[in-house]
Amino acid sequence: QVQLVESGGGLVQPGGSLTLSCAASGSIFSTDIMGWYRKVPGKQREAVATMSYDGGSTNYADSVKGRFTISRDNAKNTVYLQMNSLKPEDAAVYYCYMRLWPLGAFRPDDYWGQGTQVTVSS
């Protein structure tokens, strides 16, 4: 069974930095798109950043462009989100996302991490 496990959330002051990590475990044949989403109570879930398998295609929400960087390590089935110059409005629960092929599967499926809280406050 495939699971995504996130780490790296926490409390940071405005202007600070955090790095989120998300590792997929289980029997995995291959991965496709990886990304990060965030959710604030009362608002819709927002796509923060996504990256294709080879890193050739990346997309960022306008609100994080120039401050956040997504990266991935395909050998480790891991995706990262480096967050710099954090603002109070970046506070949210961050979820990692992967589209991947479990071993033996005929088609890819979507998987989500459990979520990690990011709080930006002085």
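Restricting attention to the stretch 19-122, lysine pairs at least eight places apart or on different chains and with alpha-carbon atoms under 24 angstrom apart total 5. In whole percent, and with a 1.4 Å probe on the protein chains, what portion of the accessible area of the chain is carbon and sulfur? Looking at the chain in its full context, I get 48 percent from C and S. Per-residue Karplus couplings for the stretch 93-100, computed as 6.51 cos²θ - 1.76 cosθ + 1.60 with θ equal to phi - 60°, are listed in order as 8, 9, 10, 8, 9, 9, 9, 8 Hz, Gly and Pro entered as x.
Rank 40, 75, 9 by how far each Cα sits towards the positive end of the charge dipole of the chain (+1 on Lys, Arg Cβ; -1 on Asp, Glu Cβ) and give me just the farthest. Of the options given, the answer is 40. Residue 105 sits among other residues whose Cβ lies under 14 Å from its own Cβ, and their net charge, with Lys and Arg +1 and Asp and Glu -1, is -1. Label-to-label distance, residue 87 versus residue 112, with points set 7 angstrom from Cα along the beta-carbon direction: 2.5 nm. Note on the chain: the C-alpha convex hull projects to 7.3 nm² when averaged across all orientations. Computed from backbone phi with θ = phi - 60° and the Karplus coefficients 6.51, -1.76 and 1.60, the 3J(HN,Hα) list for the stretch 72-84 is 8, 10, 5, 5, 9, 6, 10, 10, 10, 9, 8, 10, 10 Hz; x is used for glycine and proline. Karplus-derived 3J(HN,Hα) values for the stretch 12-29, using 6.51 cos²θ - 1.76 cosθ + 1.60 with θ = phi - 60°, are 9, 6, x, x, x, 10, 9, 10, 9, 10, 8, 10, 8, 10, x, 8, 10, 7 Hz; glycine and proline are entered as x. Result for the chain in a Gaussian network model with C-alpha springs under 10 Å: among 76, 87, 39, the largest mean-square fluctuation is at 76. Surface analysis of the stretch 1-45 yields an accessible area of 56 Å² per residue, using protein heavy atoms and a 1.4 Å probe. Annotation for the stretch 63-102: chymotrypsin sites (Phe, Trp or Tyr not before Pro) lying in DSSP loop with at most 10 further Cβ atoms inside 10 Å of their Cβ do not exist.
The values are calculated or read from the model by the stated rules, or taken from the named source; none is laboratory data. Remember, it's a predicted structure, so these values are computed and weren't measured experimentally. When we count neighbours, we look across all protein chains shown, and the Cβ atoms used for this are built from the backbone with ideal geometry, even at glycine. What goes into the accessible areas is simple: the full protein's heavy atoms, side chains included, and nothing from ligands, DNA or RNA. Shrake-Rupley method; radii C 1.70, N 1.55, O 1.52, S 1.80 Å.
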